[in-house]
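Read the structure below first, then the notes.
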Amino acid sequence: MIQFFLKGGPIMWPILALSVITLAVIFERLLFLVEITRNRKRKWVTQFLELVGQERYEEALAIAGKSKDYVLKVLEEGLKHREGSLEDALLEAASSQLERFNKGLVVLDTAVTLGPLLGLLGTVTGMMHAFSIVGGGEIAGKQAAITGGVAESLIAVSFGLAVAIVAIIPLNFFNARMERARRRIEEASTRLVLLLKKEKEDQQLPSRTVMSNASLIEGNSKGSSNSPVLP
């Protein structure tokens, strides 16, 4: 196997380095997804939102503080800034969590593109080597060198394509998981925003009612004082 690999020429070493990096990133991303799945607490998210709906904010924050669920971490930041820029806090926290999902994907994306290009480069160098032998004069006794140049080109392109194939499937899978995480964060964040806005409106409604009643009483008292006194 090693001799077969070395027949691919000098370009095989960059391909080997790219393949090792690609496999390391895939393994690290799989471990990350296992950790994310283990820390996922869907029931806690539901309980968090129920407590917010009951205006029991401290209890909700206590639940979020005990969890490593990425959705709860976003909601926690939003609830902490409920009196200020709620949407901005949610957006920043969501970006921070999604960045964890996106980590390393640029390496896989690069491997998908770079692998075939390195293989193509190996093909070009191998064919150049073969044609240089052909152009050197007599071909007799050089068949092995010529076929070696052709083999070099084929081995390089096959390994380059293999790296791209190995990288593209995990890349699409990890992108899909990141998109799913984005949707879950958006859904939970929207529910939190709606709950907090509803609570603010409910708090403002009694004060508006009191002010309206006070204005009505004041208007009635003025009307009574301005009415003519009958003899």
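Cβ neighbours within 10 Å, averaged per peptide: list 118-124, 33-39, 43-49, 160-166 in order, most packed at the top.
Ranking the peptides 118-124, 33-39, 43-49, 160-166 by packing returns 118-124, 160-166, 43-49, 33-39.
In nm, give the distance between the simple-model label positions of ARG183 and ALA151, each being 7 Å from the Cα along the Cα-to-Cβ direction.
5.1
How much length is gained if the chain between SER85 and GLU59 is pulled fully straight, taking 0.36 nm per residue apart and subtracting their Cα-Cα distance, in nm to one decimal?
Contour length minus Cα-Cα distance gives 7.2 nm.
Could you list which residues have their amide H under 5 Å from that of ILE11, counting only those 5 or more apart in sequence or on another chain, with H placed in the peptide plane?
Here nothing satisfies the definition.
Hey, which of these cross-link pairs are over 23 Å Cα-Cα: LYS43/LYS200; LYS43/LYS68; LYS43/LYS80; LYS68/LYS198?
Working: LYS43/LYS200 26 Å; LYS43/LYS68 13 Å; LYS43/LYS80 21 Å; LYS68/LYS198 28 Å.
Distance filter (> 23 Å) returns LYS43/LYS200; LYS68/LYS198.
What is the distance, in nm, between label points placed 7 Å from the Cα along the Cα-to-Cβ direction at LEU33 and at ALA162?
Distance between the two pseudo-spin positions: 2.3 nm.
Could you let me know the centre-to-centre spacing of segment 157-193 and segment 37-111, using Cα atoms, in angstrom?
Distance between centres, Cα-based: 19 Å.
Starting from the Cα of LYS103, draw a straight line to each of the aspartates and glutamates and keep only those under 17 Å, dropping any in the same chain fewer than 8 residues away.
GLU28, GLU35, GLU92, GLU179
So for the pair SER95, GLU50, with labels modelled 7 Å out along Cα→Cβ, what separation do we get in nm?
With each label point 7 Å from Cα toward Cβ, the separation is 3.4 nm.
We did not get these values from a lab; they are worked out from the coordinates using the rules stated. Keep in mind the model is a prediction, meaning the values are calculated, not measured. Heads up, the Cβs are rebuilt from the backbone with ideal geometry, glycines too, and the neighbour counts pull from every protein chain shown.
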